[in-house]
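Down below is the structure, laid out as structure tokens.
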Amino acid sequence: MDNGGVDGATAAGRWRFGPNASLASVSASSIRAVLDKVIANIRDDGPRPVLPLGHGDPSAFPCFRTTAVAEDAIVAAVRSANFNCYAPNVGVPPARRAIAEYLSRDLPYKLSTDDIFLTAGCSQAIEIALSVLARPGANILLPRPGFPFYEARAGVNGLEVRHFDLLPEKGWEIDLKAVEALADENTVAMVVINPGNPCGNVFTYQHLAEVANTAKRLGIMVIADEVYDHLVFGSNPFVPMGVFGSTVPVLTLGSISKRWVVPGWRLGWIVTSDPNGVFKETKIVDSLTIMLNITTDPATFIQGAIPQILENTKDDFFEQTINLLRKTADICYDKIKEIDCITCPRKPEGSMFVMAKLNLSHLEGIHDDIDFCSKLAKEESVIILPGVTVGMKNWLRVTFAMDPSSLEEGLGRLKSFCHRHTKNST
């Protein structure tokens, strides 16, 4: 075929496009990318089923099936033919109104429809929030350990990341002295994840009040990631950061993914928990609207189902989920205590995860947490997330959100693996 006198090599050398190099670096440390690498070690001919103790999606287990109320609401929304259209950029009004009423139950003030912005899951809420805050020279304060999607999105948006530690010896409380030391005139926000991913902690009212006062002194907003809201089963109740919205402006991020166990439905929200109107004054509300004008929406029929889902779900469904998580959290904590080379500093009280520390000095032929998880996958077909992924090298993030028998089997395989690799003391 005539190529106009230009050979392929010459033409290829003249192309002026190429990939965004920054995407490879930010994606390499994502939870999905790391889990894919761990899973790649599993033997195709392994005699036992793979047990996923590495991610927070229990929807595959029948005991964690969502309520029929939610399923029926989706079917009704589809069959109504009222939600086959494009939705408004900020979300359909009935869904926004229902979410405002739902969240206002836990607040000392009433949210309005205008305070609610619908997103395609909490992940998109994070994307939009960080995009709105990005400006040359700006920095954001993130927890360590934390949820690495924040680091990835900050990197894509050119936001400098500064990490403050969560303190295991204090129940994973925020090191607020470090927050004050890290912040400067270019700091725009701090992120608070409560209930905690990956630590399974639940912050007290008093600690959150201290967080609010610290942020106020620094002149920064709080981004409150509450995707695990109300999934608590210890001594501390869930307290929304928005309770302190009169002290400091709060962007609350949430979704139906975890409490209703439907992460694939991709319905989340951003809420301006800000009764003093700081976000309007500083044009953050305008920027949120602009971002939603140039991005995708959650599926309209999912939005159409939200009022029925929020209004009609019975407490017994939530209680069943909490009781199951309490049971599996107890199993996880107790079984890990039986393993000499792994230490769990605190029993989980919320979310679906616990952090556990590896003692590599007890193990033979294990170099670090990634090596540990890779060999565990190969030898035992058990998937656990290396702690370095969430900012804690030589730790493990273990999920207990699965059916109890599978969890016990998985932790039993973990114990056998550790015993097999324990150094000979003789």
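The values are calculated or read from the model by the stated rules, or taken from the named source; none is laboratory data. The structure presented is a predicted model; accordingly, all values stated were derived computationally and were not measured. Cβ coordinates were reconstructed from backbone atoms using ideal geometry, including for glycine residues, and neighbour counts include every protein chain displayed. Quick note on the areas: whole protein, heavy atoms, side chains included, nothing else; ligands and nucleic acids left out. Shrake-Rupley method; radii C 1.70, N 1.55, O 1.52, S 1.80 Å.
Write down the percent of antiparallel bridges among all DSSP beta bridges whose residues are both part of the chain, to the nearest 5. Could you put the intermediate results ahead of the total?
Values: 23 of 43 bridges.
That works out to approximately 55 percent antiparallel.
Of the cross-linked pairs 216/393; 335/378; 347/393; 170/415, those separated by over 25 Å at the C-alpha level are 216/393; 170/415.
Residues of region 381-420 with an amide N closer than 17 Å to a point placed 7 Å from the Cα of residue 361 along the Cα-to-Cβ direction: 394-395.
For residue 368 and residue 405 in one chain, what is 0.36 nm times their gap in residues minus the Cα-Cα distance, to one decimal in nm?
Between residue 368 and residue 405, full extension yields an extra 10.5 nm.
One Cα centroid belongs to region 236-282, the other to region 369-426; the line between them spans 34 Å. Note on residue 83: accessible area approximately 50 square angstrom, rounded to 10, probe 1.4 Å, nucleic acids and ligands left out. Inter-part distance, region 185-214 to region 24-65, computed on C-alpha centroids, equals 28 Å. Largest GNM mean-square fluctuation across 347, 216, 170, computed for the chain with C-alpha springs under 10 Å, falls on 170. Computed with every protein chain present, the accessible area of residue 156 is close to 60 Å² [probe 1.4 Å]. Across the chain, the mean sequence separation of Cα contacts (distance under 8 Å, 6 or more residues apart), normalised by length, yields a relative contact order of 23 percent. Heavy-atom accessible surface of the chain, averaged per residue, reaches 45 Å², computed with a 1.4 Å probe.
Roughly how big is the chain's charge dipole about its Cα centre, with Cβ charges of +1 (Lys, Arg) and -1 (Asp, Glu), in debye to the nearest 20? That gives the chain a dipole magnitude of about 240 debye. Spin-label model, residue 27/residue 160: points 7 Å from Cα along the beta carbon direction are separated by 2.8 nm.
Between residue 217 and residue 230, the contour length at 0.36 nm per residue exceeds the alpha carbon distance by 1.8 nm.
In region 300-413, taking the dipole from charged Cβ atoms about the Cα centre, the farthest positive-side position among 392, 317, 302 is held by 392.
Please report the carbon-and-sulfur percent of the accessible area for region 69-312; probe 1.4 Å, protein heavy atoms only, DNA, RNA and ligands left out.
On the way: 4700 of 9310 Å².
The value for region 69-312 is 50 percent carbon and sulfur by accessible area.
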